[in-house]
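The values are calculated or read from the model by the stated rules, or taken from the named source; none is laboratory data. Not measured: the values here are computed from a predicted model. Please note: Cβ atoms are built from the backbone with ideal geometry, for glycine as well, and neighbour counts cover all protein chains shown.
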Amino acid sequence: MKPRVYVETTIPSYLTARPSRDPVRNAEQQITRDWWARRDRFALVTSELVFEEAGDGDPEAAADRLAALAGIPTLVSTDEVPDLARDLATSLPLPARAVNDAAHIATAAVHAVEYLLTRNCTHLANAALRRRVDRVCRARGFQAPAICTPLELPPEAADGSRG
């Protein structure tokens, strides 16, 4: 069975964006594209929230992001998702504009998804927040997903090991 990966909104954003002139950002975009080209080693999932976020902004760019997400199964929100998201949002130092980040974690945790793939290293793939995320999820009876970037989740991780 393939490991499941929750695709967060920044992934289709980096995947479909015009190449950046910033060398670091450009490298992150290329790593994301390289990972995406080998995504078949994982069972990808996402959420309605990701589709909503990906559909915002410039209509042409939104269409590209939504096209990248096409065919990825969407996890259904349950009553537990907003409850866990609220607990995460109050336990993590998230600004109001980043409250959706807690919902991404909650969705992946409630559905027992192994990995949450993101390019958001401020509020998601952030080692300083990891223990808090784990503690909140555990307190509600869930295991937090391993939150990582495409560089941290090479296709070789699909052999069953976590990164």
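Laid out as a table, the results:
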{"read-out": "Odd one out for residue 90 among (1) modelled with pLDDT of 95 or more; (2) of a type in the set (S, T, N, Q); (3) loosely packed, with under 12 Cβ neighbours inside 10 Å", "value": "(1)"}
{"read-out": "Subset of the stretch 101-116 that is more than 15 Å from residue 74 (Cα to Cα) and assigned to a helix (DSSP H, G or I) - its residue that is nearest to the chain's Cα centre (by Cα)", "value": "101"}
{"read-out": "Subset tally (residues that are in contact with a Phe, Trp or Tyr (Cβ under 7 Å, 6 or more places away or on another chain) and free of Cβ contacts under 8 Å to residues at least 40 places away in the same chain) for the stretch 1-44", "value": "1"}
{"read-out": "Answer residue from the stretch 59-87, given it is at pLDDT below 95 and part of a loop (DSSP other than H, G, I, E, B) and is nearest to residue 3 (Cα to Cα) among those", "value": "76"}
{"read-out": "Any hit, the stretch 24-40, residues being assigned to a loop (DSSP other than H, G, I, E, B) and either polar (S, T, N, Q) or within 16 Å of the chain's Cα centre (by Cα) (or both)", "value": "no"}
{"read-out": "Odd one out for residue 118, checked against (1) touching a Cys at 6+ places or on another chain (Cβ under 8 Å); (2) over 23 Å from residue 28 (Cβ atoms); (3) not small (Gly, Ala, Ser)", "value": "(2)"}
{"read-out": "Residues located in the stretch 5-23, provided they are part of a helix (DSSP H, G or I) and touching a Leu at 6+ places or on another chain (Cβ under 7 Å)", "value": "11, 12"}
{"read-out": "Of residues in the stretch 24-60 being out of contact with any Lys or Arg (no Cβ under 8 Å at 6 or more places or on another chain), within 28 Å of residue 112 (Cβ to Cβ) and of a type in the set (Gly, Ala, Ser), the one surrounded by the fewest Cβ atoms within 10 Å (Cβ to Cβ)", "value": "37"}
{"read-out": "Selection within the stretch 121-156 - over 14 Å from residue 31 (Cβ atoms), surrounded by fewer than 20 Cβ atoms within 10 Å (Cβ to Cβ) and at pLDDT below 90", "value": "122, 126, 127, 128, 156"}
{"read-out": "Flag for residue 90 being free of Cβ contacts under 8 Å to residues at least 12 places away in the same chain and either at negative phi or among the β-branched types (Val, Ile, Thr) (or both)", "value": "yes"}
{"read-out": "Residue match in the stretch 58-74 (condition: of a type in the set (Lys, Arg) and within 29 Å of residue 18 (Cβ to Cβ))", "value": "yes"}
